[in-house]
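> My questions all concern the structure below.
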């Protein structure tokens with residue numbers, strides 16, 4: 001005995017489009033290379049005190065933010081800076097205090113869709129999450145959300 005099930009054509013069309021929409025976006029090898037270079041300009045510029053390199057990586061309206069906890073109230077606080085503050089801190093050499101042996105810069109491209117990308121940088125004592133956009137043909141960092149790594153417990157024996 002054969003059972004015939006009739007599936008409406010509209011359902012099949014919707015299912016086909018849903019499967020296409022769920023497919024992950026692919027970036028071109030050129031975009032991947034440019035996104036990685038922008039991330040390197042940002043982190044290596046910081047470590048080297050190279051303000052021009054940092055500035056090249058940033059959109060002028062960048063927002064860099066970190067959520068911290070106010071020690072007095074225990075409430076969350078949003079610390080933030082803009083592109084020019086970050087460039088000036090870079091030029092002052094704030095990142096050069098890390099010796100080469102501590103200049104960790106593991107870059108992971110998390111996602112790319114059309115002209116938007118999310119990138120993670122595991123750095124010396126912090127982790128940055130970069131949101132990038134292709135701006136006038138170049139990848140620029142628009143937003144950074146960052147978090148300090150936990151301070152390791154002392155390796156000295158407890159007395």
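> In the stretch 98-120, how many residues are surrounded by 14 or more Cβ atoms within 10 Å (Cβ to Cβ) and either at pLDDT below 95 or within 28 Å of residue 69 (Cα to Cα) (or both)?
Counting residues in the stretch 98-120 that are surrounded by 14 or more Cβ atoms within 10 Å (Cβ to Cβ) and either at pLDDT below 95 or within 28 Å of residue 69 (Cα to Cα) (or both) gives 8.
Let's see how each residue does on (1) in contact (Cβ under 8 Å) with a residue 24 or more places away in the chain; (2) in contact with a strand residue (DSSP E or B) (Cβ under 7 Å, 6 or more places away or on another chain); (3) more than 25 Å from residue 37 (Cβ to Cβ); (4) exposed (fewer than 10 other Cβ atoms within 10 Å of the Cβ):
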| position | (1), (2), (3), (4) |
| --- | --- |
| 71 | no, no, yes, yes |
| 92 | yes, no, no, no |
| 122 | no, yes, no, no |
| 144 | yes, yes, no, no |
| 148 | yes, yes, yes, no |
| 152 | no, no, yes, yes |
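> Could you check, for the stretch 94-106, whether at least one of its residues is assigned to a strand (DSSP E or B), in contact with a strand residue (DSSP E or B) (Cβ under 7 Å, 6 or more places away or on another chain) and under 26 Å from residue 49 (Cβ atoms)? Let's see the steps before the verdict.
Our first condition is that a residue be assigned to a strand (DSSP E or B); within the stretch 94-106, this holds for 105-106.
Those still in the list that are in contact with a strand residue (DSSP E or B) (Cβ under 7 Å, 6 or more places away or on another chain) too: 105-106.
Next cut, under 26 Å from residue 49 (Cβ atoms) only: 105-106.
Yes, some residue in the stretch 94-106 is assigned to a strand (DSSP E or B), in contact with a strand residue (DSSP E or B) (Cβ under 7 Å, 6 or more places away or on another chain) and under 26 Å from residue 49 (Cβ atoms).
> Follow-up. What number of residues within the stretch 8-62 are modelled with pLDDT of 95 or more and either part of a loop (DSSP other than H, G, I, E, B) or in contact with a helix residue (DSSP H, G or I) (Cβ under 6 Å, 6 or more places away or on another chain) (or both)?
Residues that pass the stated criteria total 17.
The values are calculated or read from the model by the stated rules, or taken from the named source; none is laboratory data. Every value quoted in this text rests on a predicted model; they were computed, and no experiment measured them. Don't worry about glycine lacking a Cβ; one is built from the backbone with ideal geometry, like all the others, and counts go over all protein chains shown.
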